[in-house]
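The values are calculated or read from the model by the stated rules, or taken from the named source; none is laboratory data. Predicted model, so just to flag it, every value in this text is computed and none were measured. Note that each Cβ is placed from the backbone with ideal geometry, even for glycine, and that neighbours are counted across all protein chains shown. Calculation scope for accessible area: heavy atoms of the full protein, side chains included, ligands and nucleic acids excluded. Shrake-Rupley method; radii C 1.70, N 1.55, O 1.52, S 1.80 Å.
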2 protein chains.
Amino acid sequence: MKTVGIVVEYNPFHNGHLYQLQKAKEETHADVAICIMSGNFLQRGEPALVSKWSRAKMALSAGIDLVIELPFAFSVQKAEIFAYGAVYLLNALNCSHICFGSESGQITEFHHTIDFLKQHRLRYEKYIKDFIKMGMSYPSALSKAYEALHPKNELIDLSKPNNILGFHYMDAASDINPHIQFITVKRKNAGYHDPAFNETNIASATSIRNRIQQTDQTDSIKEYIPKTSFSELQSYLSHFGQLHSWENYWDYLQYQILSKSSEELKSIYDMEEGLENRFIRAAQTAKDFQSFMETMKTKRYTWTRLQRISTQVLLNVHKKEIRSLGRKPQYIRLLGMSHSGQKYLRTIKKDLEIPLISKVSAQQNQMLALDIKATQIYAHGLQEPFRSKLRDYEYKQPPIMF
Amino acid sequence: MKTVGIVVEYNPFHNGHLYQLQKAKEETHADVAICIMSGNFLQRGEPALVSKWSRAKMALSAGIDLVIELPFAFSVQKAEIFAYGAVYLLNALNCSHICFGSESGQITEFHHTIDFLKQHRLRYEKYIKDFIKMGMSYPSALSKAYEALHPKNELIDLSKPNNILGFHYMDAASDINPHIQFITVKRKNAGYHDPAFNETNIASATSIRNRIQQTDQTDSIKEYIPKTSFSELQSYLSHFGQLHSWENYWDYLQYQILSKSSEELKSIYDMEEGLENRFIRAAQTAKDFQSFMETMKTKRYTWTRLQRISTQVLLNVHKKEIRSLGRKPQYIRLLGMSHSGQKYLRTIKKDLEIPLISKVSAQQNQMLALDIKATQIYAHGLQEPFRSKLRDYEYKQPPIMF
């Protein structure tokens, strides 16, 4: 069976995702579509609008055959680590093709870029270091270093977020398995960072989330997401009483910071030397997450970076913990499958090099324990009885069969 | 000037406290009454009904001349440490007399008990160890060990909570300054643990708090507390929106436990080997503080003990932190004073051996930093804007002048 893999967050699953999925299947003639999906906390360091189970259902109803969770240790990370974890899992699942959305839309441009950066690696890395020393944020430094190398026209624009991710998927594959074939689908209509809605029925996940938060109702986004996504959102609301946003966790984040010494905060993963005091000062005065972030934000520390560190603080994840986990996913956590997905799993099961996990118990490995903790704290953003209900799901819910 | 000291929590200040204060002044002919008062968290490991500032006002309006805060490092502790910290501060303030309430009411009985236990110290300590090994709680072991020594009739009953505290005040003084004179006032009508109201206008603080919580209004306790206490409670409600109870902190306690590894929980002050796993299991299922405590409670772990440990978890206080602070209070933190109190302070100020602190700034010593943290987390049980308001008080509020 031919398989295509994609790396997703589906927060929520919208028409743009559906377009990409259909294109991916069409162009690869794949029988099975596999997605590696971030769990309850996402790459930009924020809680997902709805739980991973709910997002897995959206994915399955839209035509995904296997939903695999990207472990927390990889999901709330900069692009390199995020991409490495996801591609590693797709390869572990024997995926022959990977498809990603990009601003570029031209896979040859990506190949040329990879080659170009390999040729200029030393100068590239030197530029990055210099720009960071000048006080630039890491993503800006990357993009400025790339510019400084004077890339030719047939190379991709590495200041665009989806190009960056695509580049890292391919870079990771060159290390993990150079035989993986890549295709890219040009993103339709909506730039990743574009908060405004346009006339068509495709909008970015960011603008969809903004609209939900601003209008406080899901009706306003109905035309931008498949019917199945819409009814899943409705169902989540009726089962858990709310959608999730950082503001639901602000009380806990603030409390966590106030209860910790600067020494303890310093040991949190991703916390940079000295930044812990900025966290403490901001937590002393901020009244909500928005104002906390606005106080913290500088040119050097991007919003995304600060959100990621905040997530690590919220989950109390330490540097030494992440370090001890190593750089490779240790299991394939199955969240849901279609019949084709199930059939596919049967054919590859005996050859898997890391265990396939369908259900978790309390005693598991450390990497999985972190995923469970992420769910427990994600659930803590809800009120009782919803909180206990969602927390219990983590242990009781078998993979969703579609 | 002649001074009498008392050790208090005033949660809230009631008619029984007023009776004790008047007796203390009468019997010692003191010009100045000094109280050492627990801050926002109390000896039995619970948040005070209202903040220390509010309780200081109640004390001053009832005739106390100086309100001094017992640092957190001493207030949420077993009787020995609590008593040592309080007596140390009273001695530092040059108190000639200390008065305490007791079930016994006979100071000679206390003196005899101290002598008796000194004589039998070795056997007493052996009994305590043996009883703890048999699975008894520490307080039960103390009281059973005492019984096993066959104390004569003129000795106190060491199973009574106020007798125990009184004993430890006197025991601490024998170490700190044997010249301190003690007197004791027999507690009127209400046993410390007695939750029922009686006919008179004196009731225990426990029964007063229970009544407030059960009826959810302060009117029901009007006859048991001075008018000034009553109006202070009303004022607190209107300024901060609520009174405090453990349930207001349950979300944070549960979150703190879920976010910590068992290794981290083990390092919390007062946490006994293996108990950390009991905390984790209980936090996984409990839906409120009451049910959490009921799940945790055993013969070995008393409610009070578990509440104290829960407070240490809530504040994220580590064993090594408390150990590093040493066994003596390092400052005299003034919360409020009358004119006589102020006059008295002027006469002793130059001879004080530890600093008198009227206002805290951000940079202070470690013991004081813990008091500030206690206030910040105590304030976190309120909603905004009250939370920020109470938190800011800690820095802005000068001692209350009465």
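Overview of values
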item	result
Leading residue by the ranking (farthest from the other protein chains (Cβ to nearest Cβ)) among those in segment A:259-288 that are touching a Lys or Arg at 6+ places or on another chain (Cβ under 7 Å) and open to solvent by 10 Å² or more (accessible area, probe 1.4 Å)	A:270
Lone qualifier among B:220, B:229 - being hydroxyl-bearing (Ser, Thr, Tyr), in contact (Cβ under 8 Å) with a residue 12 or more places away in the chain and away from chain A (no Cβ under 14 Å)	B:229
Top-ranked residue of segment B:367-392 - restricted to ones that are more than 21 Å from the chain's Cα centre (by Cα) and open to solvent by 10 Å² or more (accessible area, probe 1.4 Å), ranked as nearest to residue B:91 (Cα to Cα)	B:392
Matching residues in segment B:62-104 - criterion: being of a type in the set (S, T, N, Q) and open to solvent by 10 Å² or more (accessible area, probe 1.4 Å)	B:91, B:94, B:96, B:104
Identity of the residue in segment A:356-369, more than 9 Å from chain B (Cβ to nearest Cβ) and part of a helix (DSSP H, G or I), that ends up farthest from residue A:49 (Cα to Cα)	A:366
Lone qualifier among A:157, A:115 - being outside the structural domain of residue A:18 (by TED's automatic domain parsing) and either in contact (Cβ under 8 Å) with a residue 12 or more places away in the chain or among the aliphatic types (A, V, I, L, M) (or both)	A:157
So residue B:215, is it among the hydroxyl-bearing types (Ser, Thr, Tyr), more than 14 Å from chain A (Cβ to nearest Cβ), surrounded by fewer than 16 Cβ atoms within 10 Å (Cβ to Cβ) and at negative phi	yes
Residue among A:372, A:322 that is within 11 Å of chain B (Cβ to nearest Cβ) and in a helix (DSSP H, G or I)	A:372
Residue list for segment A:200-227, filter: over 21 Å from the mean Cα position of the chain (by Cα) and either of a type in the set (A, V, I, L, M, F, W, C) or closer than 28 Å to residue A:376 by Cβ (or both)	A:216, A:218, A:221
Qualifying residue in segment B:98-118 (condition: within 23 Å of residue B:208 (Cα to Cα) and acidic (Asp, Glu))	yes
Candidates B:330, B:364, B:397, filtered to the one that is at pLDDT 95 or above and either farther than 30 Å from residue B:133 by Cα or open to solvent by less than 10 Å² (accessible area, probe 1.4 Å) (or both)	B:330
Residue that is out of contact with any Ser or Thr (no Cβ under 6 Å at 6 or more places or on another chain) and either open to solvent by 10 Å² or more (accessible area, probe 1.4 Å) or part of a strand (DSSP E or B) (or both), where the choices are B:33, B:59	B:33
Scope segment A:295-316; condition within 14 Å of another protein chain (Cβ to nearest Cβ) and in contact with a Leu (Cβ under 7 Å, 6 or more places away or on another chain); matching residues	A:310, A:313, A:314
Within segment B:237-258, considering residues that are assigned to a helix (DSSP H, G or I) and polar (S, T, N, Q), the one farthest from the other protein chains (Cβ to nearest Cβ)	B:238
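Conditions (1) within 23 Å of residue B:303 (Cβ to Cβ); (2) out of contact with any Lys or Arg (no Cβ under 6 Å at 6 or more places or on another chain); (3) part of a helix (DSSP H, G or I), marked per residue:
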residue: B:98; (1), (2), (3): no, yes, no
residue: B:104; (1), (2), (3): no, yes, no
residue: B:112; (1), (2), (3): no, yes, yes
residue: B:125; (1), (2), (3): no, yes, yes
residue: B:136; (1), (2), (3): yes, yes, no
residue: B:141; (1), (2), (3): yes, yes, yes
residue: B:150; (1), (2), (3): no, yes, no
residue: B:165; (1), (2), (3): yes, yes, yes
residue: B:171; (1), (2), (3): no, yes, yes
